[in-house]
């Protein structure tokens, strides 16, 4: 198994673990506040989906060898979204918090699968080369 296959398999395992955990919970447990700022599990998954959209845009940019096409909510923040995580996180929360759990979980799952699919399309060399895409700035 090459490194790309290993990474994608590990990500798929993580998806399976998350799905198993979430399936074991009642919706009341998922939407109840548990964390700082009264966030629920739903809010955390929605938050992960927000950052997932950014990762998908980057991965698809890599596949197409072009600048990422970020979601509108990201581009509306201007150039500061990468430097100001608090601002970006607040916008995500504002955009997603009121969505029902069924929509949040569907978006997150579909996004995870889309990310894996895009990962399958990019070459291992390009996936692992942090200097390959200038828009990543070596991250």
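Pop a pseudo-label 7 angstrom from the Cα along the beta-carbon direction at both residue 2 and residue 24 and give the gap in nm to one decimal.
3.6 nm
Could you tell me how far the Cα centroid of segment 10-75 sits from the Cα centroid of segment 76-104, in Å?
Distance between centres, Cα-based: 11 Å.
Hey, rough spin-label estimate for residue 64 and residue 135, points 7 angstrom out along Cα→Cβ, what's it come to in nanometres?
It works out to 0.8 nm between the two label points.
Computed from these coordinates, which is log10 I(q)/I(0) by the Debye sum over Cα atoms at q = 0.10, 0.14, 0.20 Å⁻¹: [x] -0.52, -0.68, -1.12; [y] -0.35, -0.67, -1.23; [z] -0.38, -0.74, -1.27?
Read-out taken from this structure: [z].
With axes computed from alpha carbons, what is the tilt in degrees of helix 85-96 against the longest principal axis of the chain, rounded to the nearest 10 within 0 to 90?
60 degrees
Along the Cα→Cβ direction, 7 angstrom out, place labels at residue 84 and residue 99. What is the inter-label distance in nm?
The answer from the label model is 2.3 nm.
Computed FRET efficiency, Cβ-Cβ of residue 12 and residue 124, R0 22 Å: what is it to the nearest 0.05? Don't skip to the end; give the middle numbers.
Details: r = 16 Å, r/R0 = 0.74.
My answer for the efficiency is 0.85.
Go through 19-31, 48-60 and give me the packing order, highest mean Cβ count within 10 Å leading. Display every interim value, and only then the final one.
Values: 19-31: 11.8, 48-60: 18.7.
Ranked by mean Cβ neighbours within 10 Å, highest first: 48-60, 19-31.
For the Cα atoms of the chain, what angle does the longest principal axis make with the long axis of helix 101-121, in degrees from 0 to 90, nearest 10?
Once rounded, the angle reads 10 degrees.
FYI, it's all coordinate maths here, none of it is from the lab. Remember, it's a predicted structure, so these values are computed and weren't measured experimentally. Cβ: placed from backbone, ideal geometry, glycine included. Neighbour counts: every protein chain shown.
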